[in-house]
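Have a look at the structure below, then the notes.
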Amino acid sequence: MDISHLLTDSSRNMEASLVRELLHYSQQPEMLSLAGGLPDENLMPNYPDLSMMLDSQQYGASEGETELRELVVSLARDIGIHTTKNNVLITSGSQQGLDIASRLILDGNSTILTEQPTYLAACQVFNLQGANVQGVESDKHGMSIPALRDAIERSKPKAVYLIPNFQNPAGHCYGLKRRQEIAALLDEKNILLIEDDPYRDLCYENVDLTPITSLMRSAPWLYLGSFSKILWPGLRVGYVVSCDAFSPYLVKVKQAIDLHSNRLSQHLITSFVRSDAYPAHLKNLQQEYKVKRDAMAKELKERLGDVVEFTIPSGGMFFWVKLKNGLSAIKVMESALEKNVLVLPSVPFYPTRHPESDAYLRLSFARVSISEMSRAISILSIVIRDQRE
Ligand code: PMP
């Protein structure tokens, strides 16, 4: 049946996410996957006692559960964002925060600037609104300030979307100076910042993590947080903290989309984050993931050191590995797949055409065991060397 006449222009042009499609392969038992952004389920705590949560059976508030919003106020305060619960909206994952923000500000006449490369599923959301998504030159310290100034002056964007901490996919973490420069430039130009920060607690080095929103003086901002990477992504709980002016609009969109987020999920998160087990859990996550990160760095250096380049990420889940000698990441991905190793090529992470868009692989160290990681990288080494011949 042809339904294309029913679709809007942007739904017709929607591209399937390569990541989602490749992730189907990761279900195959023999597949070694370094591809997904999934946390390690072995590090997830048990759920708190469900019998306490009876009061989650009824419909709830669109803004989210009061206890969780108050908890987010205190988490935000701890990182330098001073707010009240009126400016906190609980969302079904931070992905929904992106959706709500996009519905509010983007249409076919809007431009949004992103890092280049950037989080693929954010581009999907922006594209669904018909917006023009424009990648801005970025390096290992984040988005370039002259390139951002230039893009703002040329494209008159509605917003700038940034992942300053342990970015997906490139792993970069902005230094304080770059954060201050971005905040000052956005204030000067009065441009909305959408700061997406799901990886901040997966931090393995002593690096600056000051939210850029906390440095802004006058321009509007939205700060997106998530419990997916540190607790249970299946519960789908995230949040948006906003400057005063945005809050009433955010909650109206949330109401129209799904009335409110799952109450049981919100109670489970609140109960665990309030418990004494939470700080110990975070510390354990950081220790365990750091061991895996170091193991991947060692494997990459020993087995691939002469054919790739990479920087060790100071947090998060990903290595962004550059193939030397102009090798195609798509071709490497295809050959690796034939040998039951799943990796992600860089192309879909570039919203704008770029000479290096097919030069990188995103490798996740979070979910695999160290022995699987070692096998996967030794196979990858064979594949890459074959391609060089
Ligand atoms: N932002 C970024 C940068 C991400 O990597 C992800 C998950 N991969 C999300 C947002 C969405 O996370 P969630 O909806 O599970 O909170």
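Brief remarks on what is shown
- Two-decimal log10 I(q)/I(0) for the stretch 103-154, as the Debye equation yields it once each C-alpha is a single scatterer, q = 0.13, 0.24, 0.29, 0.30 Å⁻¹: -0.31, -0.91, -1.09, -1.12
- Here the chain exposes an accessible surface that is 49 percent carbon and sulfur, computed with a 1.4 Å probe and the other protein chains kept in place.
- Cα shape, the stretch 172-287, gyration tensor, a/c 1.5 rule: oblate
- Taking amide H atoms as placed 1.01 Å from N in the peptide plane, the amide H of GLN116 lies under 5 Å from those of VAL136, SER138, each 5 or more residues away in sequence or on another chain.
- In terms of its C-alpha gyration tensor, the stretch 108-247 comes out rounded, because the ratio a/c of the largest to the smallest axis stays below 1.5.
- Computed [θ] at 222 nm, deg cm²/dmol, the chain (DSSP H ≥ 4; -39,500 (n - 2.57); rounded to nearest 500): -12500 deg cm²/dmol
- Whether the stretch 5-138 is rounded, prolate or oblate, judged on the alpha carbon gyration tensor where a/c under 1.5 counts as rounded: oblate
- Among the listed pairs LYS158/LYS324; LYS177/LYS324; LYS177/LYS292; LYS158/LYS252; LYS177/LYS254; LYS85/LYS290, those beyond 28 Å (Cα-Cα): LYS158/LYS324; LYS177/LYS324; LYS177/LYS292; LYS177/LYS254; LYS85/LYS290
- The Kirkwood radius of the chain, taken over pairs of alpha-carbon atoms, gives through the Stokes-Einstein law at 25 °C and 0.890 mPa s a diffusion coefficient of 113 µm² s⁻¹.
- For the stretch 189-219, the residues whose amide N sits under 14 Å from a probe point set 7 Å from the Cα of ARG149 along the beta carbon direction are 189.
- Proximal aspartates and glutamates relative to LYS229, as straight alpha-carbon distance under 15 Å, when same-chain residues fewer than 8 apart are discounted: ASP40, GLU41, ASP196, ASP197, ASP201, GLU288
- Relative contact order, percent, the chain [alpha-carbon distance under 8 Å, six or more residues apart]: 23
- Given their separation in residues at 0.36 nm each and the Cα-Cα distance between them, LYS283 and ASP2 gain 95.9 nm when the chain is fully extended.
- The chain - accessible surface per residue (Å², probe 1.4 Å): 45
The values are calculated or read from the model by the stated rules, or taken from the named source; none is laboratory data. Every value quoted in this text rests on a predicted model; they were computed, and no experiment measured them. Quick reminder, even Gly has a Cβ in these numbers, built from the backbone with ideal geometry, and neighbours come from all protein chains shown. Surface accessibility is based on the protein's heavy atoms, side chains included, excluding ligands, DNA and RNA. Shrake-Rupley method; radii C 1.70, N 1.55, O 1.52, S 1.80 Å.
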